[in-house]
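Data block below; observations after.
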Amino acid sequence: MSNKCFGDDVIIEEIPIFLSKNLQENLYLFQYPTKTQISNFDNSAVVNCCVKPLNHEVKVDFALNTESNFYDRFKGEKFALASDGKSQTKGERPTYKRGVMDKQAFTSTRSLDDVDKYVVGILSDKELHLTPLANILQLRPSLSHFDKEDKRLKAEQKALNDEDDEEELQQVTVKFAKSGVGNKKSKAKERQGYASFIKRSNEESWCETYWHPRKSPTAELERQKLFATNQQINLALELDFPKYVKKLLPEDGKDQGIDAVLPPKVISKTRLKSMSLVDQLKVILRDVRMMSFEDIYSILQDCNDCNISSEKVLRALPQVGVLIHGNWVPQSDIIYPTDTLSNSNGVSSELMIRARDYVLFRFSRVKYLYRRQVITATQLPPDEAAEVLQSVARLNSEKSGNYYCLPIKSLNRDTQNLFKDRKWFGELRSKHIMKWILRNHPSVHENGRFGKINCNLRKYLKQKHDKQYTNMYCIFKEIKYCLIL
């Protein structure tokens, strides 16, 4: 690229400039006039942060290292005692909760009145991105603890002097304000004065905010808004007629974009056909929650080839479902994925999975369950207990006390054979594992209730500080899955 000369200036390089308006209403520039480049706040911890949105004021409390060799703890305790006093007034918030000056407050003042001509720029990949500033603030140390001490001493002195003084009558002078253009101009001048600014600042209360460190994910997301987004759309204007028609009409068997307009967690029939058999069963059981084998088989015949065999479906069903009284229900980890919370009270997925596995175990032994029984055994809130029960059972409206019953359906011949084989194998494994537990931990007795055994086993292992606690609990979960069959 050839250099161009304009007078004495030589063009070294040309770069594009972009204007970003994502943060122009909320971007503030903080300046610390009392701090040097060495003693900055890049790695300092922020204890509290408050703002006054109307007056554009900011107050930041930076933590002080009270364990440092350069910190005078005697002076810190003295400043805290002078600020808050020996006894706190009811409803008054102390400045230093720990009884020592462990933070330094910085309050802001405006450095410029007109900041419209100032911007913040970022040079990245030979592109300059500019963002207008909303305000420029200078943060200086606030010695409000001395003002609080003076105010407290004056209040105590005034209270002592007014105990014996009787209230005296004072003459009050009433003045009326003049109306007119001159009065409006005088009010405008008063608003611009320092006394008016102090009055407005005192009338507005501080609003507490959350301070995100500079290397946090939230700060990084906000920092990305400083870059202008490229909204240019590339249009293909040179397509011939066959290619244009092919763009408009996709080929048969391909997804035509219906998933984009469907509600969340709803999968189209076209997408369901493209999944594997195990994934199809997982989606069907997750959405329906409880189905017989005949209903599942009919849906799969509609989505897949009509010649799909029932043996193939039966081999895949135990990977994603559990058979209870002739009904197939999804496994608990499908309904409650890892690192998720319940909608009502935010219970973790691990606790929800354990509670649902307990309910499945109980339904393998009984036909009815009360919600209060599940709450007592699992220690879940009522809403979560009802949610777990509704995923495997239905509410019997004829019975009072939240009485749940599980519908019983007859099994076909193939399902009966699968159920007998898995039940025999599960009982055999559970007997061997239970013998091992009772032999190594004789104080843990089986009483027929999984919740009670689980509670006793965990309590016993915690009291004995057993190092095999995790392994024991995993083995006990294996028993539970075997008994569910």
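Using a cut-off of 29 Å between Cα atoms, the listed pairs Lys154/Lys199; Lys52/Lys117; Lys52/Lys126 include Lys52/Lys126 as exceeding that distance. As an exercise, use a Förster radius of 30 Å and the Cβ-Cβ distance of Lys75 and Asn43 to find the FRET efficiency, rounded to the nearest 0.05. Working from the Cβ atoms, E equals 0.80.
Residues whose amide H lies under 5 Å from that of Phe18, counting only those 5 or more places away or on a different chain, are Leu128, His129, Leu130; hydrogens are built 1.01 Å from N in the peptide plane. Other residues within the sphere of radius under 14 Å centred on the Cβ of Gly76, judged by their own Cβ, net out at +1 (K and R +1, D and E -1).
In order along region 368-379, phi translates into HN-Hα couplings of 9, 8, 8, 5, 5, 5, 5, 5, 5, 6, 9, 6 Hz, rounded to whole numbers, per the Karplus curve 6.51 cos²θ - 1.76 cosθ + 1.60 with θ = phi - 60° and x for Gly and Pro.
Residue order for Glu350, Glu311, Glu387, fewest other beta carbons within 10 angstrom first, comes to Glu311, Glu350, Glu387. Length available on full extension from Ser276 to Gln31: 0.36 nm per residue minus the Cα-Cα distance, which gives 82.3 nm.
Counting 0.36 nm for each residue step from Thr66 to Leu341 and taking away their Cα separation leaves a gain of 95.1 nm. Rounded to 0.05, the FRET efficiency of the Ser216 and Gln171 pair, given R0 = 56 Å and the Cβ-Cβ distance, is 0.40.
Amide H contacts for Val322 (H built 1.01 Å from N in the peptide plane; partners 5 or more residues away or on another chain; cut-off under 5 Å): Val329, Gln331. For region 63-79, putting each phi into the Karplus relation 6.51 cos²θ - 1.76 cosθ + 1.60 with θ = phi - 60° gives couplings of 6, 9, 7, 6, 8, 6, 5, 8, 9, 8, 5, 5, 5, x, 5, 5, 5 Hz, in residue order, rounded to whole numbers and with x for Gly and Pro. Using alpha carbons only, how many angstrom separate the centre of region 344-366 from the centre of region 56-71? About 48 Å separates the Cα centre of region 344-366 from the one of region 56-71. The phi torsions of region 150-161, fed into the Karplus equation with coefficients 6.51, -1.76 and 1.60 and a -60° offset, translate into couplings of 4, 5, 5, 5, 5, 5, 5, 5, 5, 5, 5, 6 Hz, rounded to whole numbers, with Gly and Pro shown as x.
Between Gln224 and Ile136, the contour length at 0.36 nm per residue exceeds the alpha carbon distance by 29.6 nm.
Only the coordinates and a few stated rules stand behind these numbers; no lab work does. Since the model is a prediction, treat every value here as computed from it, not as a measurement. FYI the Cβ positions are ideal-geometry reconstructions off the backbone, even for glycines, and counts take in every protein chain you see.
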